[in-house]
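Engineer: Here it is: the structure, laid out below.
Values in this text are rule-based calculations from the coordinates and carry no lab data. None of the values given here were measured: they were computed from a predicted structure. Don't worry about glycine lacking a Cβ; one is built from the backbone with ideal geometry, like all the others, and counts go over all protein chains shown.
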Amino acid sequence: MSELPETSTSTPPQRSTVHIALRTAAILLVFSLVFTAFMASFYYLTEPHRLASEQTEKMRLIDVVLAPSRDGLKTFYNNTLLDDAIILPPINALGTSENTRLYRARKNGQPAALVVEAIAPDGYSGKIGLLLAVSTEGQLLALRVTQHKETPGLGDYIDPKKDRNKVRPWITQFSGTGFDRIPPEQWRVKKDGGHFDQMAGATISARAVTNASGRALAWVNEHREKLFALPANTLYKE
C-alpha cells in the first residue's frame with residue numbers, strides 16, 4: 001500500500017504579510033487618533049488665552065492710534081470702547097473678508113472718533129492688517145499695522161517696532177492727515193506721484209498700506225453718521 005503525501009500545516013506567507021500590514025495600520029490609526037485628540041485638547045485649552053492676548057494687544061493698539069489726538073489720550077474720550085462697538089460685515093472698501101468690530105470713542109456722550117480695522121490685500125508677502133482712528137472732522141488720527149509678513153529688514157518698516165527710524169517711524173506720517181490737507185488723488189506714495197514717502201527698494205509694502213488707508217478713510221468719512229448712530233453690538237448693513 002502506498003503512503004499518502006503529508007499535508008503541510010504552516011501558515012501561507014501571504015497570510016502572515018496581511019496580518020502584519022493590518023496590525024501596522026491599526027497601530028498608526030490609534031496613534032493618529034490619540035495625537036489628534038491631544039492637539040484638539042491643547043487647542044481648546046489654550047484658545048481662551050490666545051483670544052485674550054489678541055484682545056489685549058488690540059486694545060493697546062487702539063490706545064496708540066487714539067493717542068496722537070489733539071487733546072491727548074486721557075481727555076479725548078471717556079467712554080468704554082468695548083461697550084460701544086458695532087459689528088461690520090465684510091466690506092470691499094476696507095478689504096475685509098470676515099466680520100470685524102468698529103469701536104466708537106465719545107467724549108461726554110458726543111462722537112469723537114471711530115477706530116476701524118482694514119486690510120491691504122497687496123503687500124509684498126501677502127495681506128497687511130491695519131488699524132485706523134478717524135476723527136469726526138475726517139482726520140486720520142493715526143494708523144498702525146496689526147499683522148504682516150513683509151520681508152524682515154526691508155519691507156517690515158511699515159511696523160514702527162521694526163522701523164529703524166525710532167524718532168519718526170515711517171507710518172507716523174499719516175498721523176493728523178486728512179483729505180482736506182491731502183486730496184484723494186494724492187493719497188499715494190511719491191513714486192506713484194503722490195504725497196507719502198516710501199523706502200527705496202521697498203515700495204510695494206508702503207504702496208499697499210498707503211492705498212488701503214486712503215480707501216478706508218474715504219469709507220469711514222462717507223458713513224460716519226450712520227456708524228455713530230447704530231446701537232452698540234449691532235450689525236452694520238450698507
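Engineer: Using modelled backbone amide H atoms (1.01 Å from N, in-plane), which distant-in-sequence or interchain residues come within less than 5 Å of Thr100's amide H?
Structural biologist: Amide H to amide H, under 5 Å and 5 or more residues apart or across chains, Thr100 pairs with Leu88.
Engineer: What is the gain in length, in nm to one decimal, between Lys149 and Asp83 on full extension, counting 0.36 nm per residue of separation less the C-alpha to C-alpha distance?
Structural biologist: Net length gain for the segment: 20.6 nm.
Engineer: Further question: Dividing the alpha-carbon radius of gyration of region 86-238 by 2.2 N^0.38 Å (N being the number of residues), what value is obtained?
Structural biologist: Normalised Rg, Cα atoms only: 1.03.
Engineer: Applying 1/(1 + (r/R0)^6) with R0 = 45 Å to the Cβ-Cβ distance of Ser175 and Thr234, what FRET efficiency is obtained, to the nearest 0.05?
Structural biologist: 0.90
Engineer: Let me ask you something else. Provide the gained length on full extension for the span Phe35 to Val64, in nm with one decimal, where the gain is 0.36 nm per separating residue minus the Cα-Cα distance.
Structural biologist: Extra length available between Phe35 and Val64 comes to 6.3 nm.
Engineer: Hey, which of these cross-link pairs are over 20 Å Cα-Cα: Lys127/Lys162; Lys58/Lys161; Lys149/Lys190; Lys58/Lys149; Lys127/Lys161?
Structural biologist: From Lys127/Lys162; Lys58/Lys161; Lys149/Lys190; Lys58/Lys149; Lys127/Lys161, over 20 Å: Lys149/Lys190.
Engineer: Apply the Karplus parameterisation 6.51 cos²θ - 1.76 cosθ + 1.60, with θ equal to phi minus 60°, to every residue of region 87-100 and state each ³J(HN,Hα) to the nearest whole Hz, in sequence, with x for glycine and proline.
Structural biologist: Rounded to whole hertz, the list is 9, 9, x, x, 10, 4, 5, 8, x, 8, 10, 8, 4, 10.
Engineer: What spacing in nm lies between the two simple spin-label points modelled at Thr17 and Ser97, each 7 Å away from Cα in the Cβ direction?
Structural biologist: The two pseudo-label positions are separated by 4.7 nm.
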